[in-house]
1. Sort out for me the Cα centre separation of region 105-143 from region 23-39, rounded to whole Å.
2. With the Cα gyration tensor of region 44-91 giving a ≥ b ≥ c as the square roots of its eigenvalues, does the rule (a/c under 1.5 for rounded; else a/b larger than b/c for prolate; else oblate) give rounded, prolate or oblate?
3. Spelling out what I want: for every residue of region 37-52, take phi, set θ = phi - 60°, compute 6.51 cos²θ - 1.76 cosθ + 1.60 (Karplus), and round to whole Hz; glycine and proline get x.
4. For a quick check: with amide H placed at 1.01 Å from N, whose amide H comes under 5 Å from residue 31's, ignoring anything fewer than 5 positions away on the same chain?
5. Pairwise over distinct Cα atoms, reciprocal of the mean inverse distance: report the Kirkwood radius of region 1-66 in Å, one decimal place.
6. Could you give the angle, 0 to 90 degrees to the nearest 10, between helix 133-142's Cα long axis and the longest principal axis of the Cα atoms of the chain?
7. Once the Cα gyration tensor of the chain is found, what semi-axes does its equivalent ellipsoid get, as square roots of 5 times the eigenvalues, in whole Å, sorted largest first?
8. Under the rule a/c < 1.5 gives rounded, and otherwise a/b versus b/c splits prolate from oblate, where does region 78-120 land using the Cα gyration tensor?
Amino acid sequence: MTKIYLGSDHGGYNFKQTVCEFLEEKKYEVEDLGCDSADSCDYPKFGKLVADKVVADQGSLGIVICGSGIGISIAANRVLGARAALANSVELAELGRQHNGANILALGARTQFMDDPLDIVEKFLNTEIDDSERHERRRAQLG
Ligand code: RB5
């Protein structure tokens, strides 16, 4: 089973706990890298923590959550090899995996979702990267 690394700031803390329980029920191996409460903290630390783990652990995936999903996705994307896709719909989660080879899903816990966020998580984890030449070529240009 795919290993999943989770991280959030305070804005994403409650939803991270929900995602963690959801994934454990589905028998994923989950490592929660914090934060550990809804007390105010800084999202860059947790975006980097998750991205470093995902890059070091081949085949693993990450989920990062903050209020908007933007700050923590920017933080994760600064780590070489990390590709964080911010998705508020099942369609974007799927495309982020298929076309962009995203290895981290970013969610904005305080924003509007077009679909049930747990469906977004599930789609991300269950979608394979599209290995057609045009997508491989474009991903290679991302570095
Ligand atoms: C925290 O207040 C908020 O700024 C943070 O969760 C996130 O939305 C940043 O991008």
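1. Centre-to-centre (Cα) distance: 20 Å.
2. Note, shape of region 44-91 comes out oblate.
3. 6, 8, 5, 4, 8, 10, 5, x, 4, 7, x, 5, 4, 5, 4, 4
4. So residue 31 has HN proximity to 4, 5, 6.
5. Across region 1-66, the inverse of the average 1/r is 11.6 Å.
6. Roughly 50 degrees between the two axes.
7. Semi-axis lengths for the chain are 22, 16, 14 Å.
8. In terms of gyration-tensor shape, oblate.
Each reported figure results from applying straightforward, stated rules to the coordinates on display, with no laboratory input. Source: prediction; values computed, not measured. With ideal geometry, Cβ positions are generated from the backbone for all residues, glycine too; neighbour counts draw on all protein chains shown.
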